Each structure stands twice: as structure tokens, then as C-alpha cells.
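Okay, structure first, notes after.
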Amino acid sequence: LVLSFAFTFQAQNFSGKAIYKTNSKSGIKFGKNSKMTDKQREQMQAKLRKMNQKTFHLEFNKNESTYKQEAKLNAPSMPTAKGGMMVMSFGSGDNSILYKNTKKNRFSEKKELMGKVFLIKDDLKKVDWEMTTETKNIGNYTCYKATYTKEVEDIKMSFINGESKEEKSMKTVTTTAWYTPQIPINNGPGKYQGLPGLILEVNDGRTTIVCTEIELNASEDKEIEEPKKGKVVSLETFTK
């Protein structure tokens, strides 16, 4: 039934919108030897957890999509440097826009850095997903599990006696995705894609992304606008 529905859906023009909630674990730790009290440490960790909870909107048609963060009305304020606390300020939301064209296997991402606007253009990275027959339901959709592993650089920050310390190491990370063939598009949140159905959930060990709402228009192939403004650079150049 799922395959039959997917085939029928794929033969039509359609578009849609998916809302994702993200939650990331903080890589910042506050040592017991710092000048902060236990209550201050708890308050800081609570603020960091809140900042790492974000909402994103994915608008898509069969081959294209845009992914951007929902603006927040109230950004959490951070304590001042008194008592060993660190001064940090955050805006009301990320203005980045990620455009993907899965048919042409490319992306364009508008990002702001140091007051300058960049337009990162590059190929989508191929992921060697290992697909399984394990299933679970997310909302009204039957989802299948897929995983892949990779080596990544792990950076941990700590603050002790008012000084920051950075520790780097390499570790193997397994990313788990759940996709539904009931929405037969090769797409998902962020740069995740490459599966025979819309990805509704991702977990890489540090960040969890879960789809909470889907709106589908089975008769309309909505035009997706690619960002145009910004200095064009490759992903490698922007990272450097």
C-alpha cells in the first residue's frame, strides 16, 4: 500500500512544507573550580539548552527546497563577566537560507559572517546510507530507518577560573535517519538527503531533528526561490 501510494504521488505535481524542531547538546562545560556558584552554573546550562532548541521550516517541491530558521521574538540574554561569567550576545534568529536542488545535486546557502553576506555554492555531498527494514510511525507516516558513520572532529569547551579551554579529538559518529516513502522526495532537513522519501527525523548523537508538522499540496508544484545575494564562494573557501 505504501509503495502504491508513493508511485501515485510521484506521478503528480506536488509541493509542501515541513516544520522541524531541533535540540542540540551543549559542548560547553563549567568546571567546579570556576568562580560561578552551583546555581549560576545551572542557570547558564539552562540558557544554553534553550538556545539550542530551534525551529526550522522546509519548503519543497519534487526537486527543490529551502530550509531556514524560524525567527524568535525573545533571544535569551546571558550573564555579564562578573563572578567569572562570560559575556555573550545573540540575535533573534539565524538569517541563513539553505537551497537544495536534489535533481542537479547542488546547493546554495546564504550566510552572514562578520557583517558580510556570502553565498556558498557547491555540490551536495553523497552519503552512503545503510538502509534497513526497521520501521516506526512518526505522526501518520510509516518511516524506515537508515544509518551512516563518519569520522568527525569533536571540540569540547570548558571554562575554569574565568579562562576558556578547548579540547579537540576525533571520534566516530553514527547518524540515524527515519524517512517515509509516503512522501517520495529525496530530501530532508539541513543538508540531509539521499533517501527514497522525505526524512522526518535525524539524530547524530549530539543533535536531534524531528518533524512536527507537514502540509502537502498534491496538485501544485510550487516554485522554490534560490537565494541570489552574497559573495559567491565554495564550501571549502567559506570554511577556511
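The values are calculated or read from the model by the stated rules, or taken from the named source; none is laboratory data. Every value quoted in this text rests on a predicted model; they were computed, and no experiment measured them. Reconstructed Cβ throughout: ideal geometry from the backbone, glycine too, with neighbour counts over all protein chains shown. For the accessible areas, the whole protein counts, side chains as well, though only heavy atoms, and no ligand, DNA or RNA atoms are used. Shrake-Rupley method; radii C 1.70, N 1.55, O 1.52, S 1.80 Å.
What is the extension gain from V210 to D38, computed as 0.36 nm multiplied by their sequence separation minus the C-alpha to C-alpha distance, in nm to one decimal? Walk me through the numbers before you get to the answer.
Values: separation 172, 0.36 × 172 = 61.92 nm, distance 3.21 nm.
Gain on extension, V210 to D38, equals 58.7 nm.
In the P(r) worked out for segment 88-153, what percent of Cα pairs fall beyond 19 Å?
Details: 1339 of 2145 pairs.
So the pairs more than 19 Å apart make up 62 percent of the total in segment 88-153.
Rounded to the nearest 0.05, what FRET efficiency is calculated for D94 and T135 with R0 set to 41 Å and r the Cβ-Cβ distance? Could you put the intermediate results ahead of the total?
Details: r = 33 Å, r/R0 = 0.81.
Step by step, r from the Cβ atoms, then E = 0.80.
Using a/c under 1.5 as the rounded threshold, could you call segment 89-240 rounded, prolate or oblate? The axes a ≥ b ≥ c are square roots of the C-alpha gyration tensor eigenvalues, and prolate needs a/b larger than b/c, oblate otherwise. Please report the intermediate quantities before stating the final value.
Values: a/c = 1.86, a/b = 1.24, b/c = 1.49.
Judged from the Cα gyration tensor, segment 89-240 comes out oblate (a/c at least 1.5, b/c at or above a/b).
Relative contact order for segment 103-240 using alpha-carbon pairs under 8 Å, separation at least 6, rounded to a whole percent?
On the way: 238 pairs, mean separation 32.7, N = 138.
Result for segment 103-240 is 24 percent.
How long are the semi-axes of the equivalent ellipsoid of segment 160-213, defined as square roots of 5 times the Cα gyration tensor eigenvalues? Whole Å, largest first. All intermediate terms of the calculation are to be shown ahead of the outcome.
Working: eigenvalues 219, 31, 14 Å².
The answer is 33, 12, 8 Å, longest axis first.
Using alpha-carbon positions, what is the distance between the centroids of segment 180-240 and segment 105-166, in Å?
Distance between centres, Cα-based: 11 Å.
Can you work out the accessible area per residue across segment 129-201, with the rest of the protein chains kept in place, probe 1.4 Å, in square angstrom? Provide the component values of the computation, followed by the final result.
Working: 3820 Å² over 73 residues.
On a per-residue basis, segment 129-201 sits at 52 Å².
Between E226 and D122, take the C-beta separation as r, use R0 = 22 Å, and let me know the FRET efficiency to the nearest 0.05. All intermediate terms of the calculation are to be shown ahead of the outcome.
Working: r = 14 Å, r/R0 = 0.62.
My answer for the efficiency is 0.95.
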